[in-house]
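Working notes, beginning with the structure itself.
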Amino acid sequence: MGYIKRWNVEDIATQIHAASIECTSPYADGFSTWGIKQDLYQIKWLVDEALDNCPVYSPEEKWLNDQDKKKMWKTLGKK
């Protein structure tokens, strides 16, 4: 049984990245950036709740560890 994927991770990432850039812009005022940060928190909470409701899969732990390693190497490469 298949499903139709009705979302696009790249589009979602682009929107989150745009919000992050605007939130950290030195040209934006605190009132606006606080609203953006609230939006980011709401997105985070929605994703956290969705993940909590999902089952655990056998390759999940290894995949998460691999992603952590990629993130670590990316961070180390910036220094």
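Before moving on, here are some points about what is shown:
- Criterion applied to ALA28, ALA18 was being surrounded by 10 or more Cβ atoms within 10 Å (Cβ to Cβ) and part of a helix (DSSP H, G or I), and the one residue passing it is ALA18.
- Taking the listed residues ASP52, ASP39, the one that is free of Cβ contacts under 8 Å to residues at least 12 places away in the same chain and assigned to a helix (DSSP H, G or I) is ASP52, with no other qualifying.
Values in this text are rule-based calculations from the coordinates and carry no lab data. Just so we're clear, the structure is a prediction, and the values are computed from it rather than from any experiment. Glycine gets a Cβ as well: all are built from the backbone with ideal geometry, and neighbour counts include every protein chain shown.
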